[in-house]
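The values are calculated or read from the model by the stated rules, or taken from the named source; none is laboratory data. If you're wondering where the values come from, they're calculated on a predicted model, not measured in any experiment. As a convention, Cβ positions derive from the backbone with ideal geometry for all residues, glycine included, and neighbour counts pool all protein chains shown. Note: areas computed on protein heavy atoms with side chains; ligands, DNA, RNA excluded. Shrake-Rupley method; radii C 1.70, N 1.55, O 1.52, S 1.80 Å.
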Amino acid sequence: MNIPLRPLQRLSIFTAVLFAFAVSATAAAPNFLQWAQRPPMGWNSWDCFGTTLTEANAKAQADYLAAHLKSHGWEYLVVDIQWYEPGSSGHSYREGAPLTMDGFGRLQPAPNKFPASVDGAGFKPLAAYVHSLGLKLGIHLMRGIPRNAVKANLPVFGTKLHAQDIANTASTCPWNPDMYGVDMTKPGAQVYYDSVFALIAEWGVDYVKVDDIARPYHQNEKEIEAIRSAIDRTGRPIVLSISPGETALSAAAHAGQHVNLWRISDDFWDTWSSLQEQFARLNNWTPHRHPGAWPDADMLPLGVLNLGQRSTRFTRDEQYTVMSLWSIARSPLMHGGDMTKTDDFTLSLLTNDEVLAINQHSENNRQLFSHDDLIAWTADVPGSSDKYLAVFNARGPVSLAPDHAAFRSEVLSVATPGYGMDIDIALNGATQLVLLAENASHDNNRDQALWINPRLVMTDGTERSLLEIPWTRAEALWDQVSTEKAPNGKPMSHQGKPVARGIGVHAKSTINYTLPAGVVRFRARVALDDEAVIPGREGAVRMSVFIGGPGGDLDKTGLPVTVVLADLGFSGLVKIRNLWTHEDLGKFEASFVPQINWHGAGLYRVSPAAPR
């Protein structure tokens, strides 16, 4: 445990005043919805820095944000998780790691990461720097009280109580070992949260992302209410974001009354399957989107990511889809890439003011239609009869619709004999092969599957291992696709035996191959990895195989998508502007049929051609 010396002597008068106000305030809470009347726009450190962000990194990002993005509406710089853990690395966590705290169990920036935080300064110096650039500072905070504070039984600020009096040691995060929940039925529980946010307010923080609280939402309602109360009592307009998702739709009313933005999915990374799933989620949340309270589709994994080791895996078309969908659905926009390494294309996505205006100023945003993965959204232009129109082609050249599968398994679970099945599929002249593993359990972290001994049968009857052919694209939950190990990092195993030749995937996963000439069949065993059959940790998956070949869509770049203009409320001629290319496309009547690339999007402004 790393506790700075003389914490009692380092308490500022301002903190004490805020705390006194917190424990005695009886006035009505401020209208926090006014603090985020438009979806927040900014940058978050998680996608590119993980747990490793330093003060120098943060300042460099802030400098870029101010110089290149602030004029387009981007204003928040958010320091994500474990700024208080001196030895954190990558995107993982250490059990029992020392956490930098004050003498009351309140987290402090680790001085080796944030040197200006010493002597009780906390994030005040960084906030001052960020504010000097005309920006706002945000920080990440885990729900609860540090386990190390409970172990040391530190006092609760301003009371005679201690950490063990308020901790709920049965309430722990399943993926991070830092905190226990706070038992809100205990005396001193609200006081603890009040003291935490009084300190954060003193630092000058403008935005707090509280994690391990949006899921399971109803279980954490009392702590959400406590945090709302604590923020309001500080008197500082601190925007409140909660994660991770998926937030339950049944929590919509409560969320809208207590937080400014809530996550609608688990971490969103640069995989097509993750992006495709956001269409339905954003549509489902449409009735619950209003100024000050925003369903949050998560950060934008664009540009340079993952500690600088790679760039986004999204194609350019998919990047247009991300920005178009987030904009038309008015999701908060939090860029996740390393801004100091921004390329021209990424910058063009982030600085298109005609697109950003949809996110910040449109009204009545809604899905217009969705059929066969061809989707359209529309929104009103305030003070105008114009409409915004977003058109999406969520198909690929090989359809992954269930009824197009060459093979589709039943759900594979511990109830499946042998925890898997052998498959032998005719390829019928196919040139493309797609392997799909879908989640089928209540906890997708457990859905770990194997393609065992996958092989191709050639026209002469010989077999060739699929492992000899490089995939053209592979993606999975938490980026886990491997021919060398299971998703848990251990050797692949099935029914207690090692798997020498196979592909380990964490569902949901897709793997794409271009097939060599002369292939007639595909054979493999589809199965659960032994990790997914451990009692109490069982997973379940559904495995499918899709093929594409001559006579299909492989030679096309996309599809035409028909929009009936009457469905937008127009009769007669309209004029249409392409907001991505800033081109006026001309006049149209009755329908508009743009050609949309696979996985791509178009974003338009539709106006009457003459005054009505």
Just to check your reading of the model, which residue among ASP183, ASP178 is more than 30 Å from GLY73 (Cβ to Cβ) and either touching a Pro at 6+ places or on another chain (Cβ under 7 Å) or polar (S, T, N, Q) (or both)? ASP178
Return the total of residues in the range 445-454 being open to solvent by 10 Å² or more (accessible area, probe 1.4 Å) and assigned to a strand (DSSP E or B). 3
Examine the range 444-459 for a residue that is in contact (Cβ under 8 Å) with a residue 40 or more places away in the chain, within 30 Å of ARG215 (Cβ to Cβ) and hydroxyl-bearing (Ser, Thr, Tyr), and state whether such a residue exists. no
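Conditions tested, residue by residue: (1) outside any helix (DSSP H, G or I); (2) crowded, with 19+ Cβ neighbours inside 10 Å; (3) modelled with pLDDT of 95 or more.
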residue	(1), (2), (3)
LEU137	yes, yes, yes
LEU141	yes, yes, yes
LYS151	no, no, yes
LYS160	yes, no, yes
Lone qualifier among ASP567, ASP553, ASP584 - being assigned to a loop (DSSP other than H, G, I, E, B) and acidic (Asp, Glu): ASP553
What about THR342, is it of a type in the set (S, T, N, Q), open to solvent by 10 Å² or more (accessible area, probe 1.4 Å) and in contact (Cβ under 8 Å) with a residue 40 or more places away in the chain? yes
The listed residue being of a type in the set (D, E, K, R) and under 22 Å from HIS288 (Cα atoms), out of ASP386, ASP380, ASP373, ASP422: ASP380
Does VAL545 meet the test of being buried (at least 20 other Cβ atoms within 10 Å of the Cβ), without any contact (Cβ under 8 Å) to a residue 40 or more places away in the chain and aliphatic (A, V, I, L, M)? no
Out of everything in the range 395-418 that is in a loop (DSSP other than H, G, I, E, B) and open to solvent by 80 Å² or more (accessible area, probe 1.4 Å), what residue ends up being farthest from ARG525 (Cα to Cα)? ALA415
Got at least one residue in the range 522-536 being open to solvent by less than 50 Å² (accessible area, probe 1.4 Å), at pLDDT 95 or above and β-branched (Val, Ile, Thr)? yes
So the check is Cβ under 9 Å with 6+ separation or different chains; which pairs have a first residue in the range 194-223 that's farther than 26 Å from THR159 by Cβ and of a type in the set (Phe, Trp, Tyr) and a second one that's part of a loop (DSSP other than H, G, I, E, B) and open to solvent by 10 Å² or more (accessible area, probe 1.4 Å)? TYR217/ALA248
Of the residues VAL196, VAL259, which single one is touching a Lys or Arg at 6+ places or on another chain (Cβ under 9 Å) and within 18 Å of PRO332 (Cβ to Cβ)? VAL259
Could you please let me know if ALA426 is more than 24 Å from the chain's Cα centre (by Cα) and of a type outside the set (Val, Ile, Thr)? yes
Which number in (1) farther than 22 Å from VAL434 by Cβ; (2) open to solvent by 70 Å² or more (accessible area, probe 1.4 Å); (3) within 34 Å of the chain's Cα centre (by Cα) marks the one condition that ARG577 misses? (2)
Would you check if LEU436 is open to solvent by 20 Å² or more (accessible area, probe 1.4 Å) and in contact with a Ser or Thr (Cβ under 6 Å, 6 or more places away or on another chain)? no
On the given criteria, is SER348 open to solvent by 10 Å² or more (accessible area, probe 1.4 Å), farther than 17 Å from LEU261 by Cβ and under 18 Å from the mean Cα position of the chain (by Cα)? no
TYR84 fails exactly one of (1) under 21 Å from the mean Cα position of the chain (by Cα); (2) aromatic (Phe, Trp, Tyr); (3) crowded, with 23+ Cβ neighbours inside 10 Å, namely (1)
Filter result for ILE423 (among the β-branched types (Val, Ile, Thr), farther than 27 Å from TYR320 by Cβ and open to solvent by less than 30 Å² (accessible area, probe 1.4 Å)): yes
